[in-house]
Amino acid sequence: MEIKRNAAGIVDAISAEDIGKFPDTNLAESLQRISGVSIDRSLGEGSRVTVRGVGPDFNLVLLNGRQMPASSIADTGASNSRAFDFANLASEGIASVEVFKSGRADIPTGGIGATININTTRPLDSPGFRATASASGMYDDSRTNLSDTNVTPELSGLISDTFMDDRIGVALTLVRQERESGSATASVGGWRTFSGETDNCWCGQGPSEWGGIPPAGDPNQQNRPGPGDIYSVPQVIGYELADYDRTRTNGQLTLQFRPVESVTATLDYTYSELELDRTYNNLSAWFNFAGQETLWTDGPNA
């Protein structure tokens, strides 16, 4: 509330205290608590941010005022997207997030939807010795491999101290999260188009086209296309069972020096890594659209 009240322009913000009140896995899920901010999810976690209906590619993301490079675990191969994937950052290592919805002279340009500034821990902002540690577990039963555990660990720690009458400060933050999840998906692709005159009599009488429809008068047909209509059937169908092993590692070391009240020098090193292993089994069927005849016969149980 103080950030919004004292800001010049339209600014929304969320602080570490607010973030800690919610069970958010990463920073994207914390940002969705802000008015006008919605998120996309990838593999069950928050990923990219949309502000006031403007897509993720049109937001500028800053870390302590410096522009962040774009990367995504969902991307395969080359990508021209400039959208930042917030799944790379854990919520535990963040002091606050500011969402600038209007332009300002003291922030970089380029955010059409918004400029999002991520602020990390600064020791001189909270003088004295401070330390915190937390441990939790993530339960996820979506894995297809039933022999694996459903609980994975999440560990975080922060230590900060100031010296020389609060003129020098040092802070170290470490976060490591592991998560195992899975997904079952079905897909259809390669559609082929037929005209309404194409028949498939399902009776074994005469040639029929693959993907055709029952002839006129067949009691099993519904909503038959007219002679001038077209319809499509799939070329390929696929099913996949996938397991994902993700490890998120974040760390930051910050040094600050304040020789006088009006001058503060800050040196920080930020480390962010997200490892993703995907193990999958899939089954697909390809239809070659060859001419065929189909005949249903009466079996012993008919």
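Around the amide H of Arg192, modelled in the peptide plane, lie the amide H atoms of Val233, Gln235, all under 5 Å away and 5 or more residues distant in sequence or on another chain. Rounded to the nearest Hz, the phi-derived 3J(HN,Hα) couplings of segment 94-111 under the Karplus curve 6.51 cos²θ - 1.76 cosθ + 1.60 (θ = phi - 60°) are 10, 8, 6, 10, 10, 10, 8, 9, 9, x, 9, 6, 9, 10, x, 8, x, x, where x marks glycine and proline.
Taking square-rooted eigenvalues a ≥ b ≥ c of the alpha carbon gyration tensor, is segment 99-160 rounded, prolate or oblate, where a/c under 1.5 means rounded and, failing that, a/b exceeding b/c means prolate? It comes out oblate by the Cα gyration axes. The listed residues Glu275, Glu261, once ranked by accessible area (1.4 Å probe) with the largest placed first, stand as Glu261, Glu275.
The values are calculated or read from the model by the stated rules, or taken from the named source; none is laboratory data. Note that this is a predicted model, so its numbers are computed, not measured. We work out accessible area using only protein heavy atoms, side chains counted, and drop any ligands, DNA or RNA first. Shrake-Rupley method; radii C 1.70, N 1.55, O 1.52, S 1.80 Å.
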